[in-house]
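Novice: There's a structure below that I have some questions on.
The values are calculated or read from the model by the stated rules, or taken from the named source; none is laboratory data. Everything numeric here is computed off the predicted structure, so don't read it as measured data. Cβ coordinates were reconstructed from backbone atoms using ideal geometry, including for glycine residues, and neighbour counts include every protein chain displayed. Protein only, heavy atoms only, side chains kept; ligands, DNA and RNA dropped before computing areas. Shrake-Rupley method; radii C 1.70, N 1.55, O 1.52, S 1.80 Å.
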Amino acid sequence: NAGVTQTPKFQVLKTGQSMTLQCAQDMNHEYMSWYRQDPGMGLRLIHYSVGAGITDQGEVPNGYNVSRSTTEDFPLRLLSAAPSQTSVYFCATNPGLGVGELFFGEGSRLTVL
Amino acid sequence: KQEVTQIPAALSVPEGENLVLNCSFTDSAIYNLQWFRQDPGKGLTSLLLIQSSQREQTSGRLNASLDKSSGRSTLYIAASQPGDSATYLCAVRLPSYGNNRLAFGKGNQVVVIP
């Protein structure tokens, strides 16, 4: 039982490049989210999904796309990377609205040059 | 807008002392509150989850209390150990339907001195 798995753990991009951060969970949770963590800013919600086929924007969605074709996977796409997107990205899941703990992946550290 | 504050940002305590960490939030209309631990370079690990109807939760040496009316939660760690050194974050879940939003504090960075 792996929980929440994020890949890659580290990535360096050049400005303008695109990439996808992968998130997979094996807990059959309906809700999945992407956060970014920056020094002095805390954790901020980028996008979230309440189930397969349903996604919505969080606090800081600009520059990111998501999709949710299966319960297990929730990839985060950076369309054209910018230095401001240098951050640590966390995927998180929880079983239901308003109930249950939030489980986090180990994080993906992204540097945009 | 829900604001979550954790003060102090950093603290050091000698091994064996009890740790008391505070979390304040501005809007009492919350679903629940969760305490997490984060080790350097790692993800967040859930410690305790308190539902809005509960006053406290306990797990081993950890106890968390919730006072919604005053907008406060306190995490107690009894008999601290060097292995308790980490950053502790609290997060409140907001009650909007279909919304998985949590508001996070910025954390208390704790060092337990052997």
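Novice: What residue, among those in segment A:18-35 that are open to solvent by 20 Å² or more (accessible area, probe 1.4 Å) and within 15 Å of A:Tyr64 (Cα to Cα), is farthest from the other protein chains (Cβ to nearest Cβ)?
Specialist: If we take residues in segment A:18-35 being open to solvent by 20 Å² or more (accessible area, probe 1.4 Å) and within 15 Å of A:Tyr64 (Cα to Cα), then A:Ser18 is farthest from the other protein chains (Cβ to nearest Cβ).
Novice: Assuming A:Ile54 fulfils every condition listed in (1) open to solvent by 20 Å² or more (accessible area, probe 1.4 Å); (2) at the interface with another protein chain (Cβ under 9 Å from one of its Cβ atoms); (3) under 27 Å from B:Gly107 (Cα atoms) apart from one, which condition is it?
Specialist: (3)
Novice: Now for a separate question. Would you check which residues across segment B:56-83 are in contact (Cβ under 8 Å) with a residue 60 or more places away in the chain and buried (at least 19 other Cβ atoms within 10 Å of the Cβ) and list them?
Specialist: B:Ser80
Novice: Filter segment B:16-34 down to residues that are modelled with pLDDT of 95 or more, over 15 Å from B:Arg72 (Cβ atoms) and touching a Gly at 6+ places or on another chain (Cβ under 6 Å), then give me how many there are.
Specialist: Residues in segment B:16-34 being modelled with pLDDT of 95 or more, over 15 Å from B:Arg72 (Cβ atoms) and touching a Gly at 6+ places or on another chain (Cβ under 6 Å): 0 in total.
Novice: If you don't mind, another one. Yes or no: A:Val88 within 12 Å of the chain's Cα centre (by Cα), over 29 Å from B:Asn108 (Cα atoms) and more than 8 Å from every other protein chain (Cβ to nearest Cβ)?
Specialist: no
Novice: Here is a follow-up. List the pairs whose first member sits in segment B:38-55 and is closer than 20 Å to B:Ser85 by Cα, whose second member is aliphatic (A, V, I, L, M) and assigned to a loop (DSSP other than H, G, I, E, B), and whose Cβ atoms are under 8 Å apart, counting only residues at least 6 apart or on separate chains?
Specialist: Close Cβ pairs (under 8 Å, with a partner that is aliphatic (A, V, I, L, M) and assigned to a loop (DSSP other than H, G, I, E, B)) amount to B:Leu44/A:Leu102; B:Ser46/A:Leu102.
Novice: OK, next. Can you spot a residue in segment B:94-110 that is of a type in the set (S, T, N, Q) and away from every other protein chain (no Cβ under 14 Å)?
Specialist: No, the conditions are met nowhere in segment B:94-110.
Novice: In this structure, is A:Thr15 touching a helix residue (DSSP H, G or I) at 6+ places or on another chain (Cβ under 9 Å), away from every other protein chain (no Cβ under 14 Å) and open to solvent by 40 Å² or more (accessible area, probe 1.4 Å)?
Specialist: Yes: the conditions hold for A:Thr15.
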